[in-house]
Amino acid sequence: MKSTNLKVAFIFILFILRFTSTLHAQETVSDDKQKEKIYSLIDMYAFAREKKDTVLLKRILAPDIDQLVSTGEWRKGMRESVDGMMKSSDSNPGTRKFIIENVRFLNPENAIVDARYEIKNTDGTERKMWSTFIVVFHEEKWKITAIRNMLPSGRP
């Protein structure tokens, strides 16, 4: 009886050791080359928006793209997102600029990009917002899968 209990205990300890040896904290990826590609992706997004280039947009957006804009409108899917982007570019003409503040890798294939979002309107005024992009490594290249635009409220 003791021998059986010892075997069970030994097997249990081996199982626990084997299982816990595969656990580790999530590693942060800081590959400068990948960051450069992500910066380029956000630049392409700004260019596509400014030039109203739907072909480029469809190439850099993930198929399941969704966008929550500062008005509260939530665009889901490629068609709704691209259509909304084009309407927004028409109603808010100007030069779009994204100044990336931070790229945080969740793993080698997913990252969060925080950027200041500035639109210089045709009348010379500027609209200053924030954008957060969720980017994924999809089909061997970085693509935007989610965008969250925020208009600061002026409150601390």
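The values are calculated or read from the model by the stated rules, or taken from the named source; none is laboratory data. This one's a predicted model, so the numbers in the text were calculated from it and none came from an experiment. Because the Cβ atoms are built from the backbone with ideal geometry, glycine has one as well, and the counts that use them run over all protein chains shown. Ligands, DNA and RNA are excluded from the accessible area calculation, which covers all protein heavy atoms including side chains. Shrake-Rupley method; radii C 1.70, N 1.55, O 1.52, S 1.80 Å.
So how many residues does the range 32-43 have that are at pLDDT 95 or above and farther than 16 Å from Ile134 by Cβ?
Adding up the residues that qualify gives 3.
Going by what's in this entry, would Asp43 be described as surrounded by 15 or more Cβ atoms within 10 Å (Cβ to Cβ), within 15 Å of the chain's Cα centre (by Cα) and under 27 Å from Glu140 (Cβ atoms)? First the steps, then the outcome.
Details: surrounded by 15 or more Cβ atoms within 10 Å (Cβ to Cβ): no; within 15 Å of the chain's Cα centre (by Cα): yes; under 27 Å from Glu140 (Cβ atoms): yes.
No, not satisfied.
Hey, any hits in the range 85-99 for a residue that's of a type in the set (D, E, K, R), assigned to a helix (DSSP H, G or I) and either more than 18 Å from the chain's Cα centre (by Cα) or at positive phi (or both)?
So the first thing to find is which residues in the range 85-99 are of a type in the set (D, E, K, R), and the list is 87, 90, 96-97.
Restricting the remaining residues to those that are assigned to a helix (DSSP H, G or I) gives 87, 90.
Subset that is either more than 18 Å from the chain's Cα centre (by Cα) or at positive phi (or both): 87, 90.
Among the residues of the range 85-99, at least one is of a type in the set (D, E, K, R), assigned to a helix (DSSP H, G or I) and either more than 18 Å from the chain's Cα centre (by Cα) or at positive phi (or both), which makes the answer yes.
Do you know which residues across the range 100-128 are charged (D, E, K, R) and either touching a Leu at 6+ places or on another chain (Cβ under 9 Å) or on the phi > 0 side of the Ramachandran plot (or both)?
Arg127, Lys128, listed by residue number.
Matching residues to (1) touching a strand residue (DSSP E or B) at 6+ places or on another chain (Cβ under 8 Å); (2) open to solvent by 20 Å² or more (accessible area, probe 1.4 Å); (3) modelled with pLDDT under 95:
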| position | (1), (2), (3) |
| --- | --- |
| Lys87 | no, yes, yes |
| Ser91 | no, yes, yes |
| Val113 | yes, no, no |
| Ile119 | yes, no, yes |
| Val135 | yes, no, no |
| Ala146 | yes, no, no |
| Met150 | yes, yes, yes |
| Pro156 | no, yes, yes |
